[in-house]
Structures are given as structure tokens and as C-alpha cells.
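Novice: Have a look at this one before I ask anything.
The values are calculated or read from the model by the stated rules, or taken from the named source; none is laboratory data. In this text the structure is predicted, and so the values were computed from the model without any measurement. Quick reminder, even Gly has a Cβ in these numbers, built from the backbone with ideal geometry, and neighbours come from all protein chains shown. Side chains are part of the model used for accessible areas, which takes the heavy atoms of the whole protein and leaves out ligands, DNA and RNA. Shrake-Rupley method; radii C 1.70, N 1.55, O 1.52, S 1.80 Å.
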Amino acid sequence: PTPAPRLLITALLYEAYGTGEPGEALRLMNVGTVTANLEGVQVTDGEGTAIFPAATLPPGQSVWLARTATAFEHDFGFAPAFEYGSDSDPAVPNMLGSAPIFADNGDEAQLKDPAGAPLDTLVYKAGDTQTPGWLGPALQPWQPTSNFAEEGQILYRKLDEATGQPVPDTDSAADWAQDPDDPLGGKRVQYPGWDLETFFPTVQVTATGILTIAVAPDNAYDAVLAQINAATSRLDIATYTLTNAGLVDAIKARAAQGVAVRVLLEGEPVGGLDDQERWACWQIENAGGECWFMYNDTVAGAYDRYTYQHAKYLLVDGQRLVLGSENLSWESLPNDPKDDGTYGQRGALLMTDAPELVARAQAVFTADLDPTDHHDLIGWQPYYTTTYGLPPPSFTPVYTSGGTLYPVQQIAPLTVSGTFQLELVQSPENSLQASTGLLALISRAGAGDTLLIEQLIEAKYWGASSSNPQADPNPRLQALLDAARRGAHVYILLDRLYDDPADPQGNAATRDYLNTIARHERLDLEVRLGNPAGLGLHNKMLLALIGGRGYVHVGSLNGSELASKGNRELALQAQSDAAYDYLKTIFDYDWRVATPPLYLPIAFSETRRPAEHVLVSEVVYDPPITEDAEWVELYNPTDMAIDLSSYKLGDAEVRGAHEAMAQFPPGTVIAPRSVLVVAASAGAFYQLYGFNPAFEFNDTDPAVPDLIAYTAWSSGPFALADTGDEVVLLDGADGAVDALVYGDGSYPGVVPHALIPAGHSLERFPPWADSDDCSLDFRDRFPPGPGTVP
């Protein structure tokens, strides 16, 4: 028999941007094997019917039909093939008949042949599910959180991972990417301006060349700086934020030397645009470079294509790709001398000269930074003084970064030559494909293999906040759990610094969820929370040892639903034993200093029991930089709030000593299972940790309440001796509630803890246990973790 054309509706934009929604649009595709004659074919919502003029559609080709061509062009960046509701663009042919208007609350989009027989049907929201050509419930937009808006959301058919073509048609919601029952191919969104089909496949190559691996905060600054300084003709940079003054100076110098510099930034980062970033763009623009922001301004008709431009990569002379987890910020890439340690965010970078990967990253950059065709881009200009312009006249850039708290583990990057299997993955197009990228790599891990993961965020589940891991699984987490069930060794390290323990989608919830399953099923799987380098675990890294071969996956993708489905993200995957071994040294250190999980059955089997009073939970007695940065943390392990108004804290172990004892101000309450930090000096504490303590002994910051000197007990400054001392908490009757003793200090009935290195802390572990034996109750911790307990 002669093959027949097969026409399908493959996409529908029913709630377009702007008043009156003139940008409504529908896409048809010929999925058959012969050219289709479109003349007389009808597109209808049951009320208005648009009819094709004389036209054909070759097999495998698609056409967009827009209600108003100019509105479509504004939103999508290209012209439709036909328009059916107006004559806005003379270059775009008009369809005949009347215009269908697809209702926001639900409707039917139907394709009919010239005789009126149904060819294809889509029913969405409150549309009539009895419409011929449709089976089952209507398709609903995917909107688990406010990050996935319904306005502008394109309903589109799932694509087959092997071919990039629509999956076979079943006339149901299961064919569509918003399918709520498919955690991988479904529960998706798409918005105007995406290049989904273009970038749908990952780039997989076996290439001979150079692979460089760098680590933040250890050595990544120098590695990135060297690549910037090496640019001779072109330097393209995409990053979420740009605040590292040293790197800005280097970029500015390249632009001043005639290198074509283009920088693409997120225009609405969490917390707002930093004055230092405005300054950075000012420097680059004045030197002849370009600084652009991807932003959202509905008044100006600008709707950002991606919720966040979150990718972090550099393209040097169109020949090298530098890609990783870290922004070009002082927190991620400190430029202080590293011989005495440093301080920053944990992350990783990969650099490759593989031409195919460089070309794909260049294509992504060019598509994203396309101000000619896309209106969600705004260039830095001096007159945008409140948003994308000059910083305040009094602004002075900050060049200081780093510190000494974290002992550098890798002083230099690793560069290896050879033949590598490489794969470039990006969101939102392909980072959740089962057959490629991260999920495919995890799926290969079996008995005896090892998976090591570091992540800023790895949510227990995706979807709405009322959901659960069973209803809305995080596919990444499920893949790791499945690998452990196949016999793989799986160790997951998540950030502790920025995590909210009360968040049901936070890292603590993920830790408790997976560790409980691991204990119940006897899996070799463990999750810990950590902050190895002082400013948070910002990494997005997976290391895999599969069949004796090492693989690394490094990029900008967090384990949130938004990162995989709504952001612009890039990640690089490489097979390299050397890269695996190098990064494993970092993971091993980070794992070792992280907070182990608390297994209650084991803890309760010890002689220690949960205290029913406030405890001294952590102390730094020999801080870096200045002794004024000493601090004491208290923890309430009970289920009740405790009034501390009459409590006193100090280092005077007996009445009459020339040491400090100070009382908490009236109204001070410590909530159940909460902590508060008391520092010698709030200013010195803030310099080290980036936030204020709850109280201070010395009056250095008007914003931080002071403890009140309790002269009835003692007089003197709060100063913990490096060779040994006591930290004592008294109640309202001056009775001892708790005491920490270390070194040559002494207190009746309390066993002291041995001295620890400078810059470390003594941390009570577990935080609720008290036996009056500090050698048992406390442990040496580095880096310290004020404000949190394990």
C-alpha cells in the first residue's frame, strides 16, 4: 500500500504572554514517510476554525501556526509558518476561516482533514474529554511550584531519546511531556525561546587531547585566571554571578587588549544584584567588552526563557571549554595565598579542548546570548542605576578573599593528556534522559562499584511541598538508591551550612530518608552533611568507579527539580582514572570531616543519656586571626523552650576569679532543639563566619545584644586560655548547669578534653549527650560549625 502522511499536533501554547494573549500558537508535524498536502486541513477549538491554504509539509518537518505572527516572533525569536488570527506580518501567509482562541481554563485543539474527519486531538485542563480522537483524562500543565509558571508554558509531546522524534501516539496525556505519571519523560515544561529540539541529544565523543581538573577553593582561582589570561581573540563567559575582583581585572585587561569579551549573567539572582557585580560589568564595558543579563520584565515585554541562567562556563578562543560548579565569585574562587590554608566554597572545574564539546557549548552560548532575536536580554548601561548600571558613587570593590581555616588538600590542578570518553549535558534539554548523562552513568553501577556524590542540594522528592518520595520521586536520588540495591557502594555528602533542617525537601530530610532505608535494607549507602571548606559545600559532583574504571561528572546542576527542568545548566562527564583519583582525594577529606549520621539505637546503647537541660555544644578557644573571635555555642536538647534570662555564662569556674561571668538579658529564650552562639566579639566572629552571633561579651556591634556583666560572681574579661580553661553555664541560683573543660583546666566532677589544634572547635557529639566526661562527650571538629548541631 502507498504510505500515507501522518499529521500530529506536537505543541500548543494556550496561555501566551501579554494582554489578550496574541502569541497563542500551535505546532503540527508530519510524522509519516511521505509529503503531506495541507490544503484544506483544519485547525479548530470547536468554535473557530482555521483552514490551510495551498501548502505541503515534507515528512519529519514541523510548522508553527500563530494567532498573531508579530507576537509569536517577539516571544519565540523566529517567525511562524502561518498566522490565523490577524495579518500582522506580510511575510507570513494567512490561513483561511476564523481564528480558534484556546481558552486558559481548558479547551480542545483538534486537527481535521478537509472533509472534517479528525486527524489528531489534544484536550487540556477542563476541555471535553469526550472529543473524538482523545482517550482518558485531560492533559494538565505541570506546575509543582511557582517556578514553573502556567503563563507561557507550552504543552508538547514527549521526544524519543534515541531519535529525537515524538513518541508513538496513543491519543492520551501519556504522549505529552506534562504527563504526571512519568517522572523522567513527563512532568516537564517548555517556554518560548527554548532550543529543545536543537539541543535534545547530549554530545558524546571519544577525543584525544588535554583534560584539566581543578578544585575550589584550593586551586581553581589560578586555573581560571590562567585560562582568562591565555585568551587571544575571544572570551565568552556565562555564569550566575560575577563578583571576583581579581578575575574581573583579568577579564578587563583582555578586553583592553582587543580580545572580544562577552559575559552573560543571571539578571535576577537570589538576593538581588550585587553592587560588586555592577562594578564588574562597568569595568568590562569600559574596557571594550560586553556584559549582558538574562532578565524578566513583563512591563517591557521581557519574559526570561530560563528561570535562572545558572550555568558556569568559559569559552576561550573557541578552542577550550572551562566548566564547573563555581561562580566567578570570591566565595568560590578565593585568591589568597594557599600555603597557610584558605576559606571558601567547595567545588570543582573541568577543562577540555575536545572540539565537539567546545562547539556545542559555543552553540548554547550563542543561542542564549542572542539579543537580536530574544527580548529577555539587557546590556549593562550606566543609566540603569538601580538595576543594571553603575554601583553607588561611594562603592569600593572588595578584593579580599580566603582565610586560613581550611587546610588546602590539592595545591595545584591536575592536567592529563590522553584519549577520553566525554559527554556534555545541559538543562533543560537532556539532563534527565535515562539513556545518557548522569542517570545512564549511575544505572551502570552494580555490585562492587562505587558512587561518591557531593551536592549543594539533593531534594528528598520533587513536585509540590505536599508531595512525597513515592508520589513525586527525585529521579536522581532514586537512581542512586537503585544502584545501592544492586550492590554498589554509595556515599552522598550534602551541604550543611545553608540547609534548613526543618525543610521537608532539605538535605537533612534527604539524609534521614536514605539512611533509614539503608539501615532497614542493609545497603552500603550513607548520607552525611558537611561544610568542608568553611563557606558551604557548593559542589555538584559525582565520582564513579565502575568495572575498575573511573568517571567524573562535574557541572552546575543541583539536585532540585528546577535545575533539571527550568534552568540553563551545563555539566561535563569524563572517563578518566586520573581525574577520578584526584577528585577522590577531595571527597575522602570532605567525608572524613563531615558530620556522621546519628544512629539512635547505637547512641542509646552507650552510658550517656539525653540531657534535660541546656548544654555547652561547641567552643572555639584558639581562633585564627584574633582571640576576639572566641565563641561558645549553647544547645537546648529538650522539647521545651527554656528561659535563659537568669542564666550566666563565662570562664570563671569559681566565685571571685578574675575571669568573666555574664548574665543573659531579660527575655532571652532558647527554643526546643535550637542553638544560640555567644561570641567574645561580634565583629571578629562575623569576619570569620559571615553572620552575627546571638550575643557578644564585648560591646563591638550595636546590632548584637551584649551579655550583662555578673559582678556578684566575678569580674574580668572573657578570654579562653589556649593551654586549658573552663566554660561554665550557671542557672538563676548560680548552680552549675553544664561545664566544658579542656587542657589543664579543671572543674569538680568533670573530666577535661585534650587540647586541639588552633582554629578547630570542640563539638559535643551527639549534641544531646552529657556524661561530664568531656573526652567522651566532645570531639575535635574542623572547620567549626557555629549555629548548627549534627
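Novice: Please work out if residue 447 is open to solvent by 30 Å² or more (accessible area, probe 1.4 Å) and either among the aliphatic types (A, V, I, L, M) or modelled with pLDDT under 95 (or both).
Specialist: Numbers: open to solvent by 30 Å² or more (accessible area, probe 1.4 Å): yes; either among the aliphatic types (A, V, I, L, M) or modelled with pLDDT under 95 (or both): yes.
Judged against the criteria, residue 447 is a match.
Novice: Oh, and also: Does any residue of the stretch 724-736 turn out to be under 20 Å from residue 612 (Cα atoms), at pLDDT below 95 and touching a helix residue (DSSP H, G or I) at 6+ places or on another chain (Cβ under 6 Å)?
Specialist: No, there is no match, as no residue in the stretch 724-736 is under 20 Å from residue 612 (Cα atoms), at pLDDT below 95 and touching a helix residue (DSSP H, G or I) at 6+ places or on another chain (Cβ under 6 Å).
Novice: Looking at the stretch 615-657 only, could you name the residues that are among the small types (Gly, Ala, Ser), open to solvent by less than 10 Å² (accessible area, probe 1.4 Å) and within 38 Å of the chain's Cα centre (by Cα)? Break it down into steps so the answer makes sense when it comes.
Specialist: Taking the stretch 615-657 as the starting set, the residues that turn out to be among the small types (Gly, Ala, Ser) are 617, 629, 641, 645-646, 650, 652, 656-657.
If we keep only those that are open to solvent by less than 10 Å² (accessible area, probe 1.4 Å) too, we end up with 617, 629, 650, 652.
Those that are among the small types (Gly, Ala, Ser), open to solvent by less than 10 Å² (accessible area, probe 1.4 Å) and within 38 Å of the chain's Cα centre (by Cα): 617, 629.
Novice: Go through the stretch 3-25 and count every residue that is in contact (Cβ under 8 Å) with a residue 12 or more places away in the chain and either under 18 Å from residue 114 (Cβ atoms) or surrounded by fewer than 16 Cβ atoms within 10 Å (Cβ to Cβ) (or both).
Specialist: Of the residues in the stretch 3-25, 7 are in contact (Cβ under 8 Å) with a residue 12 or more places away in the chain and either under 18 Å from residue 114 (Cβ atoms) or surrounded by fewer than 16 Cβ atoms within 10 Å (Cβ to Cβ) (or both).
Novice: Mind telling me which of the residues 84, 17 ends up being modelled with pLDDT of 95 or more, among the aromatic types (Phe, Trp, Tyr) and either within 22 Å of residue 375 (Cβ to Cβ) or touching a Gly at 6+ places or on another chain (Cβ under 6 Å) (or both)?
Specialist: Working: 84 fails: either within 22 Å of residue 375 (Cβ to Cβ) or touching a Gly at 6+ places or on another chain (Cβ under 6 Å) (or both).
Selected residue: 17, the only one of 84, 17 that is modelled with pLDDT of 95 or more, among the aromatic types (Phe, Trp, Tyr) and either within 22 Å of residue 375 (Cβ to Cβ) or touching a Gly at 6+ places or on another chain (Cβ under 6 Å) (or both).
Novice: With the condition kept exactly as written, say whether any residue in the stretch 775-785 is more than 14 Å from residue 663 (Cα to Cα), of a type in the set (Ser, Thr, Tyr), open to solvent by less than 40 Å² (accessible area, probe 1.4 Å) and within 40 Å of the chain's Cα centre (by Cα).
Specialist: Start the filter on the stretch 775-785 by keeping residues that are more than 14 Å from residue 663 (Cα to Cα), which leaves 775-785.
Retained after the next criterion (residues that are of a type in the set (Ser, Thr, Tyr)): 775.
Of the ones still in play, those that are also open to solvent by less than 40 Å² (accessible area, probe 1.4 Å) are none.
Within the stretch 775-785, not a single residue is more than 14 Å from residue 663 (Cα to Cα), of a type in the set (Ser, Thr, Tyr), open to solvent by less than 40 Å² (accessible area, probe 1.4 Å) and within 40 Å of the chain's Cα centre (by Cα).
Novice: Give 231, 238, 214, 207 a once-over and let me know the one that is at pLDDT 95 or above, under 18 Å from residue 539 (Cβ atoms), surrounded by 17 or more Cβ atoms within 10 Å (Cβ to Cβ) and of a type in the set (A, V, I, L, M, F, W, C).
Specialist: Numbers: 231 fails: under 18 Å from residue 539 (Cβ atoms); 238 fails: under 18 Å from residue 539 (Cβ atoms); 207 fails: under 18 Å from residue 539 (Cβ atoms).
Being at pLDDT 95 or above, under 18 Å from residue 539 (Cβ atoms), surrounded by 17 or more Cβ atoms within 10 Å (Cβ to Cβ) and of a type in the set (A, V, I, L, M, F, W, C) holds for just one of 231, 238, 214, 207, which is 214.
Novice: Identify the residue in the stretch 296-305 that is of a type in the set (D, E, K, R) and not in a strand (DSSP E or B) and, among all such residues, is surrounded by the fewest Cβ atoms within 10 Å (Cβ to Cβ).
Specialist: Kept after step one, since they are of a type in the set (D, E, K, R), are these residues of the stretch 296-305: 297, 304-305.
When the remaining residues are screened for being not in a strand (DSSP E or B), the result is 304-305.
Values: 304: 22, 305: 25.
Per the criteria, the residue is 304.
Novice: Restricting the stretch 761-785 to residues that are part of a strand (DSSP E or B) and of a type outside the set (D, E, K, R), which is nearest to residue 620 (Cα to Cα)? Steps first, answer last, please.
Specialist: We begin by selecting, within the stretch 761-785, every residue part of a strand (DSSP E or B); these are 761-764, 769, 773, 778-781.
When the remaining residues are screened for being of a type outside the set (D, E, K, R), the result is 761-762, 769, 778.
Details: 761: 5, 762: 7, 769: 19, 778: 12 Å.
The qualifying residue nearest to residue 620 (Cα to Cα) is 761.
Novice: Give me a count of the residues in the stretch 166-184 that are at pLDDT 95 or above and in contact with a strand residue (DSSP E or B) (Cβ under 9 Å, 6 or more places away or on another chain).
Specialist: Selection size over the stretch 166-184: 11.
Novice: In the stretch 339-385, which residue that is among the charged types (D, E, K, R) and modelled with pLDDT under 95 is surrounded by the fewest Cβ atoms within 10 Å (Cβ to Cβ)? Reasoning before the result, please.
Specialist: Residues of the stretch 339-385 among the charged types (D, E, K, R): 339-340, 346, 353, 356, 360, 368, 370, 373, 376.
Those left that are additionally modelled with pLDDT under 95: 339-340.
On the way: 339: 9, 340: 12.
Only one residue tops the list, namely 339.
Novice: Quick check on the stretch 266-277. Is at least one of its residues open to solvent by 40 Å² or more (accessible area, probe 1.4 Å) and assigned to a strand (DSSP E or B)?
Specialist: Within the stretch 266-277 (the criterion being open to solvent by 40 Å² or more (accessible area, probe 1.4 Å) and assigned to a strand (DSSP E or B)), the answer is no, since none of the residues qualifies.
Novice: Out of 712, 758, 703, 733, I need the residue that is open to solvent by 40 Å² or more (accessible area, probe 1.4 Å), farther than 23 Å from residue 659 by Cβ and part of a loop (DSSP other than H, G, I, E, B). Which one? Walk me through how you get there before you give the answer.
Specialist: Details: 712 fails: farther than 23 Å from residue 659 by Cβ; 758 fails: farther than 23 Å from residue 659 by Cβ; 733 fails: farther than 23 Å from residue 659 by Cβ.
Result of the check over 712, 758, 703, 733: 703.
Novice: Which residues, counting only those in the stretch 386-417, are open to solvent by 20 Å² or more (accessible area, probe 1.4 Å) and not in a loop (DSSP other than H, G, I, E, B)?
Specialist: Matches in the stretch 386-417: 414, 415, 416, 417.
Novice: Assuming residue 457 fulfils every condition listed in (1) in contact (Cβ under 8 Å) with a residue 60 or more places away in the chain; (2) closer than 20 Å to residue 523 by Cα; (3) within 15 Å of the chain's Cα centre (by Cα); (4) open to solvent by 10 Å² or more (accessible area, probe 1.4 Å) apart from one, which condition is it?
Specialist: The single condition residue 457 does not satisfy is (2).
Novice: Let me ask something else about it. Where the second residue is polar (S, T, N, Q) and at pLDDT 95 or above and the first is surrounded by 23 or more Cβ atoms within 10 Å (Cβ to Cβ) and assigned to a helix (DSSP H, G or I) and lies in the stretch 568-595, which pairs have Cβ atoms under 6 Å and are six or more apart or on separate chains?
Specialist: 586/409
Novice: I would also like to ask the following. I want to confirm something. Restricting to the stretch 1-47 and keeping residues that are charged (D, E, K, R) and under 39 Å from the mean Cα position of the chain (by Cα), which single residue is farthest from residue 172 (Cα to Cα)?
Specialist: Quick first cut of the stretch 1-47, residues charged (D, E, K, R) only: 6, 15, 21, 24, 27, 39, 45, 47.
When the remaining residues are screened for being under 39 Å from the mean Cα position of the chain (by Cα), the result is 15, 21, 24, 27.
Numbers: 15: 21, 21: 26, 24: 22, 27: 17 Å.
Among those residues, the one meeting the criterion is 21.
Novice: Right, here's the next one. Select, from 131, 121, the only residue that is in contact with a Ser or Thr (Cβ under 7 Å, 6 or more places away or on another chain), over 30 Å from residue 315 (Cα atoms) and crowded, with 18+ Cβ neighbours inside 10 Å. Walk me through it before giving the result.
Specialist: On the way: 131 fails: crowded, with 18+ Cβ neighbours inside 10 Å.
Selected residue: 121, the only one of 131, 121 that is in contact with a Ser or Thr (Cβ under 7 Å, 6 or more places away or on another chain), over 30 Å from residue 315 (Cα atoms) and crowded, with 18+ Cβ neighbours inside 10 Å.
Novice: With the structure loaded, tell me whether residue 293 is out of contact with any helix residue (DSSP H, G or I) (no Cβ under 8 Å at 6 or more places or on another chain) and surrounded by 23 or more Cβ atoms within 10 Å (Cβ to Cβ) or whether it fails that test. Quick ask: steps written out before the conclusion?
Specialist: On the way: out of contact with any helix residue (DSSP H, G or I) (no Cβ under 8 Å at 6 or more places or on another chain): yes; surrounded by 23 or more Cβ atoms within 10 Å (Cβ to Cβ): yes.
So residue 293 passes the test.
Novice: Can you confirm whether the stretch 368-385 contains a residue that is in a loop (DSSP other than H, G, I, E, B), among the aromatic types (Phe, Trp, Tyr) and out of contact with any strand residue (DSSP E or B) (no Cβ under 9 Å at 6 or more places or on another chain)?
Specialist: So the first thing to find is which residues in the stretch 368-385 are in a loop (DSSP other than H, G, I, E, B), and the list is 369-376, 380-385.
Now drop any that are not among the aromatic types (Phe, Trp, Tyr), which leaves 380, 383-384.
Applying the additional criterion that residues be out of contact with any strand residue (DSSP E or B) (no Cβ under 9 Å at 6 or more places or on another chain) yields 383.
Yes, because at least one residue in the stretch 368-385 is in a loop (DSSP other than H, G, I, E, B), among the aromatic types (Phe, Trp, Tyr) and out of contact with any strand residue (DSSP E or B) (no Cβ under 9 Å at 6 or more places or on another chain).
Novice: Any residue in the stretch 479-490 that is within 15 Å of residue 440 (Cα to Cα) and open to solvent by less than 60 Å² (accessible area, probe 1.4 Å) sitting within a Cβ distance under 7 Å of a residue that is hydroxyl-bearing (Ser, Thr, Tyr) and part of a helix (DSSP H, G or I)? List the pairs, counting only those 6 or more apart or interchain.
Specialist: 479/443
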